[in-house]
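Data block below; observations after.
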Amino acid sequence: MNTNEELSAILQSVMRNSAKAIKDKYYPHWHLAPVTGLLNDPNGFCFDGEYYHLFYQWNPLSCEHKHKCWGHWRSKDLITWQHQPIALLPDEIYDKDGCYSGSAVIHQGQLTLCYTGNVKFEDGSRTAWQCLAVENQQGGFDKLGPVLGLPDGYSGHVRDPKVWQYNDIWYMVLGAQNLDKQGKVLLYRASHLYQWQLVGELAGSYVGGLKDAGYMWECPDLFELNGHFILLTCPQGIKREQHRFLNSHPSAYLIGSFDYSTLQFQHGELIELDAGFEFYAPQTTLANGRRLLFGWMGVPDGEEMYQPTIANGWIHQMTCPRELHIKENKLYQQPVKELQQLRQNPAYWQGIADDAPDINGFLFELEVALFGSLTIHFSDTLALIIENNQAVLKRRSVKNGEWQSRFWSGDIKHLQILCDNSSVEIFFNGGAGVMSSRFFPSEEQTICFLGKDTINLTTWQLKNA
């Protein structure tokens, strides 16, 4: 299809399906979700001094991982978001099989997108180009074309550029796979955005003290936070452990130090970033001194294609926006304080968990102070069990109904839970751990508490955004 044909097909899809999607009982009230089709990775998350911009991978034509465009929202407050013109369509020879993930920067006063153009060949092979596009006066983006091809020694799986500037020099991290099918993160630098020099492998399998850590590292993001450097990444193919890295593709981070003079990254072991059933492809930005994060509340190659929302023509959503902190050499995630503006009708309760009142509906925020064990049931589909210094999140498979489990270990004293129709985000001990998950109950939406120990509850109903 040419550009006009693509835009016509997208418009028809939106007009045909958006009303049905928004009326779906599982559609979120305040999380970001597609008006039709498939949403995945957050892209180009940035702050221009007035607006937050969040771009996103979007297939507006179906609930399949095909025809990847870049959609675009913007907001002044991280709560109310407005649709903007579609930013990127896969309509050039260098991105014909998808405008894949990337980032955005302000360059010479213009919002500039840095993205991967994906190209597949008839023999099953592929290549990738790192490309630029700049915002025009109409709010759309004009493509400038590729600025970087495949580096020697790497497969066609090289993607997801995250670009930033430090002391007038531009830097880029790229997810990559070498010819031995080992996942890597590549580091580049440049004096301007059009001519990049490969520095080397920043992290990955058999780099920096790690052993085999997967066959492809996607969605890298390197940033400084409170004197530490954090590398977010999605290490595909990393070995599953008894209680960690249980999703088909997990998200993780490395914490350490990075020296801009030597361009070396010293770090420890991989740490799981979110222990829930659905979290992937996180991206951060720096805004007014705060390091903020969005993640995709989905996982590729899992049970996503069994989710019931597909029947209404849409699938997936974003996480809530989160603020990052470092405490005791660990990364903490908390919902941004702006979300407190959604709170209404506060209620308080204290006593034995078995006696706690049920909560009706799945549109609320809940804070719990714990003094022992606790079980929380989310209808018949999801349950959080806290005992013996461990949280177990159990969910019925959307494929076969069997119970599955995810785990987070720690002495849990406090919970903050955000619930929005078909999603739950559970923050442990002020953000020391997080579990993000979708769930699709068939029965009445009710939350109940079980346990013989005392709990303190604070609940809020949440407004629509």
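The values are calculated or read from the model by the stated rules, or taken from the named source; none is laboratory data. Predicted, not measured: the structure shown is a model, and the values here were computed from it. Cβ sites come from the backbone with ideal geometry, for glycine too, and all protein chains shown count toward neighbours. Side chains are part of the model used for accessible areas, which takes the heavy atoms of the whole protein and leaves out ligands, DNA and RNA. Shrake-Rupley method; radii C 1.70, N 1.55, O 1.52, S 1.80 Å.
Yes/no matrix, rows are residues, columns are (1) free of Cβ contacts under 8 Å to residues at least 60 places away in the same chain; (2) under 23 Å from GLU323 (Cβ atoms); (3) assigned to a strand (DSSP E or B):
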position: ILE230; (1), (2), (3): no, yes, yes
position: PRO235; (1), (2), (3): yes, no, yes
position: LYS239; (1), (2), (3): yes, no, no
position: HIS243; (1), (2), (3): no, no, no
position: SER248; (1), (2), (3): yes, no, no
position: SER257; (1), (2), (3): yes, yes, yes
position: SER261; (1), (2), (3): yes, no, no
position: PRO282; (1), (2), (3): no, yes, yes
position: THR285; (1), (2), (3): no, yes, yes
### Message
Looking at the stretch 109-123, I want the residues that are more than 22 Å from ASP221 (Cα to Cα) and have a partner that is open to solvent by 70 Å² or more (accessible area, probe 1.4 Å) and not in a strand (DSSP E or B) with Cβ atoms under 7 Å, at least 6 apart or on another chain. Which pairs are those?
### Response
VAL119/LYS96
### Message
For the stretch 158-170, check the following and say yes or no: at least one residue is farther than 17 Å from SER191 by Cα and polar (S, T, N, Q).
### Response
no
### Query
For the stretch 187-227, which residues satisfy the criterion of being open to solvent by less than 70 Å² (accessible area, probe 1.4 Å), among the aromatic types (Phe, Trp, Tyr) and either within 25 Å of the chain's Cα centre (by Cα) or over 27 Å from THR112 (Cα atoms) (or both)?
TYR188, TRP217, PHE223
### Task
Could you grab me the full set of residues in the stretch 11-50 that are surrounded by 21 or more Cβ atoms within 10 Å (Cβ to Cβ), out of contact with any strand residue (DSSP E or B) (no Cβ under 6 Å at 6 or more places or on another chain) and closer than 22 Å to GLY102 by Cβ?
ALA33
### Query
From TYR332, TYR348, which residue is out of contact with any Leu (no Cβ under 6 Å at 6 or more places or on another chain), closer than 30 Å to LYS76 by Cα, at pLDDT 95 or above and among the hydroxyl-bearing types (Ser, Thr, Tyr)?
TYR332
### Query
Within the group LEU78, LEU54, which residue is touching a residue at least 60 places away in the same chain (Cβ under 8 Å), open to solvent by less than 50 Å² (accessible area, probe 1.4 Å), closer than 29 Å to LYS463 by Cβ and outside any strand (DSSP E or B)?
LEU78
### Message
Looking for something open to solvent by less than 10 Å² (accessible area, probe 1.4 Å), among the small types (Gly, Ala, Ser) and at pLDDT 95 or above - is there at least one such residue anywhere in the stretch 449-458?
### Response
no
### Residue list for the stretch 57-75, restricted to those being of a type in the set (S, T, N, Q) and open to solvent by 20 Å² or more (accessible area, probe 1.4 Å)
SER62
### Query
Residues of the stretch 1-10 being outside any helix (DSSP H, G or I) and either in contact with a Phe, Trp or Tyr (Cβ under 8 Å, 6 or more places away or on another chain) or surrounded by 12 or more Cβ atoms within 10 Å (Cβ to Cβ) (or both), which ones?
MET1
## Note on the structure
Note on TRP196: of the conditions (1) out of contact with any strand residue (DSSP E or B) (no Cβ under 7 Å at 6 or more places or on another chain); (2) touching a residue at least 60 places away in the same chain (Cβ under 8 Å), unmet is (1)
### Task
Take the residues in the stretch 351-362 that are surrounded by fewer than 20 Cβ atoms within 10 Å (Cβ to Cβ) and not polar (S, T, N, Q), then tell me which one is modelled with the lowest pLDDT.
GLY361
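Per-residue answers, yes or no, for (1) in a strand (DSSP E or B); (2) surrounded by 18 or more Cβ atoms within 10 Å (Cβ to Cβ); (3) not hydrophobic (A, V, I, L, M, F, W, C):
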{"site": "LYS96", "(1), (2), (3)": "no, no, yes"}
{"site": "GLY102", "(1), (2), (3)": "yes, yes, yes"}
{"site": "ASN118", "(1), (2), (3)": "yes, yes, yes"}
{"site": "GLY124", "(1), (2), (3)": "no, no, yes"}
{"site": "ASP142", "(1), (2), (3)": "yes, no, yes"}
#### Entry: Residue satisfying all of: in the stretch 1-46; under 30 Å from GLY109 (Cα atoms) and among the acidic types (Asp, Glu); modelled with the highest pLDDT among these
ASP41
